[in-house]
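Right, one structure below, let's go through it.
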Amino acid sequence: MVDMLSRAQRSYVMSRVKGRGNEATELRLIAIFRQFGIWGWRRRAKVFGNPDFIFPEAHLAVFVDGCFWHSCPIHGEVPASNRGFWLRKLARNRERDRLVMRNLRSYGWHVIRIWQHELRNRPRVARRILRCLESSGSSRTILKRSVDAGRKLQSWTTSTSTPVSSKSLRA
Ligand SMILES: [Zn+2]
């Protein structure tokens, strides 16, 4: 029975392993980019810390953080078996996240980290990225495009009552 449980737990954990470079998560963010007309991004560029996406002109790095691997305040948890191992591992991940963020910022990058669960609130994610693109004084092209996208976003958010769970509101 103990074995069964730990195996179940293991597969549960493994299903969340690919916090970084997670195909499904990246595709969800790409869908948001498309929906709101956000252009100028590159996927998995070779930049320190391996951001999921960068906007080279805006010097913006975007990370989507898996709730388990990056200890999301809502869904983060430490597996009961091998607790010591997981505590250390998760602490290392958080430390690495901080290091990456500090480093990128010291080189003049903007950094946006998005929790995996926040991807459910598409307009909110789009808004964060657009705001950063517009304030970072990117090239005219990006600015024009994101202004257009901003308009689209506005009409989308005003015309739709978004079904948002209380959990994503807390984020
Ligand atoms: Zn979460």
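A short reminder: the numbers here are calculations on the coordinates, not readings from a lab. Worth saying up front: this structure is predicted, and the values here are computed from it rather than measured. Heads up, the Cβs are rebuilt from the backbone with ideal geometry, glycines too, and the neighbour counts pull from every protein chain shown.
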From the phi angles alone, apply the Karplus equation (6.51, -1.76, 1.60; θ = phi - 60°) to the stretch 112-118 and give each ³J(HN,Hα) in whole Hz, x where the residue is Gly or Pro.
10, 10, 10, 5, 3, 5, 6
Give me the extension gain from Phe85 to Arg44: residue separation times 0.36 nm, minus the current Cα-Cα distance, reported in nm with one decimal.
11.9 nm
What is the set of long-range amide H partners of Val64 at a cut-off below 5 Å, with H atoms built 1.01 Å from backbone N?
Asp52, Ile114
Non-local residues with an amide H under 5 Å from the amide H of His110, with H modelled 1.01 Å from N and Pro and chain starts lacking one, are Leu60, Ala61
Rank-order 111-121, 38-48, 52-62 by packing density, defined as the average count of other C-beta atoms within 10 Å over each peptide's residues, highest first.
52-62, 111-121, 38-48
Under 5 Å, built H, 5+ apart or other chain: amide partners of Arg44
Phe53, Ile54
Which of the peptides 80-87, 24-31 is most tightly packed, and how do the rest follow, judged by the mean count of other Cβ atoms within 10 Å per residue?
24-31, 80-87
